[in-house]
Amino acid sequence: MPAPDLDTIVSLAKRRGFIFPAAEIYGGFANAYDYGPLGVELKRNIREAWWRSMVRERDDVVGLDASLMTNPQVWVASGHVANFTDPLVDCKSCHQRFRLDHLEEGIYGEVRRDASGALRCPNDGGELTEPRQFNMMFKTQVGPVPDEASVAYLPPETAQGIFINFENVVSSMRRKLPFGVAQSRVSFRNEITPGRFVFRTLEFEQMEMEYFCRPPKDRANPEEYLSLYRAWVQERLRWYTDVIGIDPARLRLREHTREELSHYSAGTTDIEYLFPWGWGELEGVAARTDFDLTQHAQLSGHPLTYFDEETNEHVVPWVVEPAAGLTRTLAVTLLEAYTEEPDEKGDNRVVLKLRPNIAPVKVAVLPLSKNEKLRPTARRVYDLLRPLWLAQYDETQSIGRRYRRQDEIGTPLCVTVDFQTVGEEGQPGDDAVTIRERDSQAQVRVPMAGLVEALRDRLGGC
Ligand code: GAP
């Protein structure tokens, strides 16, 4: 099925408690969103799937959670203070401000030009000012006196927290090259272009890993290093298809051209997704060489080296960085999972076909009706399942409507308690319940004693 349009997803996300526009009661706030009860679970599950693949299932990667607020010199060394800028232009008549590259890409609407080919305002065709460089970091102040010494920055990426802790990790964890350090947390960028839902926001979550490798013998010919970088590109692509369940036909790799690469980079490949508006970046895998460690060593005066016991020398490791967007992946997950299909009555059935490992609610317990006789047993089943999985209990409205509601939020399994379960008119019940599968809508009756195992099998062990 082709991916749905964005409005369909935005509306479902709000209606079903995944994502709300930020500060809606005050008229909203551009490029900011709040994650609702189901959104926060979905986000946690995607992060957990990443952490599992990158840290838990590997023996060469460890985790980190560095302070968001940190010494501003970190951002001087990383180059963000000087270079983390975008070119902005203003319309001389309507005074709206645009990012020049986004204007050229048509993100603000139709690209307008005058007779000489110069770009014009997409709103009113007005003349534009010369571009000015605008730093995308948010500045803040630490302490009571607002002066130069109190300036701090909200982090625009998670990576630098890893580089500045390189030595701490090496000495405390006794790591041998190659090894990685992974971190997932919030980052901030002063984005001025309307963000297309959570694709581009002021505050977003990243999942980044810095993989430290032995430096090449010949800087100009780092073949072994580049093959590690290419292996990470493939491994990350595999994660999106095999773990998150993204259709490979809507993923592609785009290698940066020489002109796009930063001067220190030996290569960058974006993993792109085919969004409703076209291809867009989901993750960047970058061969960052020894740039960051060298920069921090120079500015801090603290050598950031690794003692290589094989060669008996101190070396500065080279780095491969797979940098993914958690909240962007969440948007893709919703786009990919959304399906509409006719049900047995010919009505439209909306189903979020989320993989069980990332579905927010794993199982819903639904008594056939609100009847008093069913409730105690249904509550008992709910109490049995709640410690194991995020479960929902629902007895309002018809059973058909309740199935639809669970389909729409991606719950893989429903458990129904009916009169056969509890017995009727003096007859004993069979103490069995019905498991209903979301995608096939198949129903199977299982004894209550084997329910947990039957659910576990169907949820693939999660
Ligand atoms: N440390 C490298 C780095 O930060 P990046 O390509 O700027 O690289 C990595 O960011 C990922 O973070 C992107 O591929 C994207 O998924 C996500 N990302 C970046 N800016 C974002 C924004 N404003 N809103 C949502 N996600 C964003």
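The values are calculated or read from the model by the stated rules, or taken from the named source; none is laboratory data. It should be emphasised that the depicted structure is a prediction, and the values quoted were computed from it without experimental measurement. Cβ atoms come from the backbone with ideal geometry, glycine included; neighbour counts cover every protein chain shown. Remember, those area values only see protein heavy atoms, side chains included, never the ligands or the DNA or RNA. Shrake-Rupley method; radii C 1.70, N 1.55, O 1.52, S 1.80 Å.
When +1 charges are put on Lys and Arg Cβ atoms and -1 charges on Asp and Glu Cβ atoms, the dipole computed for the chain relative to its Cα centre reaches about 1040 debye. If a spin label sat at a point 7 angstrom from the Cα of residue 255 along the line to its beta carbon, the backbone N atoms of the stretch 304-328 nearer than 19 Å would be those of 319-323. In the full protein context, the chain carries 48 Å² of accessible surface per residue, based on a 1.4 Å probe and ignoring ligands, DNA and RNA.
Over the chain, what is the relative contact order in percent, taking alpha-carbon pairs closer than 8 angstrom and at least six residues apart?
Relative contact order, the chain: 13 percent.
Heavy-atom accessible surface of residue 353, to the nearest 10 Å², is about 80 Å², with a 1.4 Å probe and all protein chains retained. Treating r as the C-beta distance of residue 425 and residue 353 and R0 as 35 Å, the FRET efficiency rounds to 0.30. Remark: the residue 136-residue 70 segment gains 22.0 nm on full extension, using 0.36 nm per residue and subtracting the alpha carbon distance. Per-residue packing, averaged as other Cβ atoms within 10 Å, sorts the ranges 230-243, 301-314, 283-296 into the order 283-296, 230-243, 301-314, beginning with the highest. Each of the peptides 323-329, 10-16 was scored by the mean count of other Cβ atoms within 10 Å over its residues; in descending order, highest first, they stand as 323-329, 10-16. Could you let me know the centre-to-centre spacing of the stretch 130-179 and the stretch 225-268, using Cα atoms, in angstrom? So the separation of the two Cα centres works out to 25 Å.
FRET efficiency for the pair residue 311 and residue 230, taken as 1/(1 + (r/R0)^6) with r the Cβ-Cβ distance and R0 = 30 Å, rounds to 0.75. Taking 7 Å steps out from each Cα toward its Cβ at residue 14 and residue 93 produces label points 3.2 nm apart.
Solvent-accessible area of the stretch 85-135 (1.4 angstrom probe, protein heavy atoms only): carbon and sulfur portion equals 44 percent. Subtracting the Cα-Cα distance of residue 397 and residue 440 from their residue separation scaled by 0.36 nm leaves 13.2 nm. The label-point distance for residue 220 and residue 203, in a model that sets each label 7 Å from Cα toward Cβ, rounds to 5.0 nm.
On full extension, the segment bounded by residue 32 and residue 369 gains 117.3 nm, given 0.36 nm per residue less the C-alpha separation.
Under 18 Å from a label point set 7 Å out along the Cα-to-Cβ vector of residue 23, the amide N atoms of the stretch 119-162 belong to 138-141, 154. The angle between the Cα long axis of helix 37-51 and the longest principal axis of the Cα atoms of the chain comes to about 60 degrees, rounded to the nearest 10. Between helix 326-337 and the chain there is an angle of about 40 degrees, using the helix long axis and the longest principal axis of the Cα atoms. Tally the DSSP beta bridges in the stretch 361-458 and give the antiparallel ones as a percent, rounded to 5. The antiparallel proportion sits near 55 percent.
Against the chain, whose longest principal axis comes from its Cα atoms, helix 375-385 is set at around 40 degrees. In terms of the mean number of neighbouring beta-carbon atoms within 10 Å, the peptides 25-36, 398-409 order highest first as 398-409, 25-36.
Distance between the 7 Å Cα→Cβ label points at residue 344 and residue 277: 4.2 nm.
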